[in-house]
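Okay, so here's the structure we're looking at.
Readers should treat all values here as calculations from the given coordinates under stated rules, not as data from a laboratory. No experiment lies behind these values; they were computed from the predicted model shown. Cβ: placed from backbone, ideal geometry, glycine included. Neighbour counts: every protein chain shown.
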Amino acid sequence: LADQLIDNAVIESTVNEEWSLIKGSGVLDNLVPDEGQQEEIRSFLERNYVELSDCYKFYSAVNSGGGTHTLEFIELNKFLSETSILGEEHSSAILRIFIDSHISAKNGKSKVKPSIHSEIHRHEFFLALIKISIFKFITLPKKEIARLKRQGQHVPNSKRNVPTAPKALELVYDQHLAPVLANMPAGAKMRDAVASKEVLILFYDNLESLKACFEKFAQMKSEDGSISLSEFSVFAMSTGFCGGGERRRGLQKSSSFRNGRASERKHSITGDKTSKGVTPKDIRQIFSASQNDRPEEVEENNGENVSHYEVMSFS
């Protein structure tokens, strides 16, 4: 268990594979032509991978309309809003970035036409984050400089120094993500806590009981000894882990935004919420957060493509 929480070799392998998908799309070469800057960005992603991946897993499970391993447009908007990166005044630019980040469709790995209703995967989220950083700290400042010059106004030196793309990405992380991640129940510090001796001893002392419990729910539908979000939610509700009114409704495929529950959480990523108890959204996010960091594998199951991020093994 401890070895699965943070495995530097797995992280390096995953970053290299996801980076190759980003590079192979050709989009990055247009965004950041300088190879030295590209390498700085790749190094940044590897250095901060655990936190960025956990952040992605958290927001990819916010809305119940899609999978817990992919990010919808509404989830990207919530991410940008809660981290104060971009606001509603930039909604058109955010939508354009979201659609343009569907590089799986460009390299032939997806037949889904990019739209406001489609979803992006983790490597596409990383590309979107690069685009967002460039838009916020390079494109917008340049537009402001051009506006001041057109109006014949003085451009102060503080506005003239536009950062490089790698620096823009670091600014987004330092100014907007790091303060939130510091209070987020995830990332390296969370994995270190789970890997503590006290927790591992607790698992060890109750291993057989935990395994029997898992297998009980795995046998409901699965033949390979794994459970999906559906079985995990049944486990959570039948054990009383998820209760109250939310327990009776279960994990229905209804958007929490459409039924007005978007205001339920003041700041979901830090756990600052008005609702008490564990909700279906919490269950989705726990399920998503429990997935390991290895590259995504997709297998065909009953005629459908199923990602390994959509199932959970005992370990």
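Residue by residue through the stretch 226-236, what is 3J(HN,Hα) from phi via Karplus (6.51 cos²θ - 1.76 cosθ + 1.60, θ = phi - 60°)? Round to whole Hz and write x for glycine and proline.
In residue order, the calculated couplings are 10, 10, 9, 4, 4, 5, 5, 5, 5, 4, 5 Hz.
For residue 32, what residues show an amide H to amide H distance below 5 Å, using hydrogens built from the backbone and excluding near sequence neighbours?
Residues meeting the amide H criterion: none.
Could you rank the peptides 286-293, 113-120, 140-147 by their average count of other C-beta atoms within 10 Å per residue, with the highest value first?
286-293, 113-120, 140-147
Can you give the charge dipole size of the stretch 130-243 about its Cα centre, rounded to the nearest 20 debye, using +1 on the beta carbon of Lys and Arg and -1 on the beta carbon of Asp and Glu?
With only Lys, Arg, Asp and Glu charged at Cβ, the dipole is about 1460 debye.
Taking the Cα centre of the stretch 25-165 as origin, sum charge times position over the Cβ atoms of Lys and Arg (+1) and Asp and Glu (-1), and report the length of that vector in debye to the nearest 20.
Its charge dipole is roughly 580 debye.
Which of the residue pairs 23/167; 78/142; 57/197; 23/78 have a Cα-Cα distance greater than 23 Å in the structure shown?
Violating the 23 Å limit, Cα to Cα: 78/142; 57/197; 23/78.
For the stretch 42-56, what does the Karplus curve 6.51 cos²θ - 1.76 cosθ + 1.60, with θ = phi - 60°, yield as ³J(HN,Hα) per residue in whole Hz, taken in order and with x for Gly and Pro?
Once θ is set to phi - 60°, the couplings for the stretch 42-56 become 4, 5, 4, 4, 5, 5, 10, 4, 4, 5, 5, 5, 5, 5, 4 Hz.
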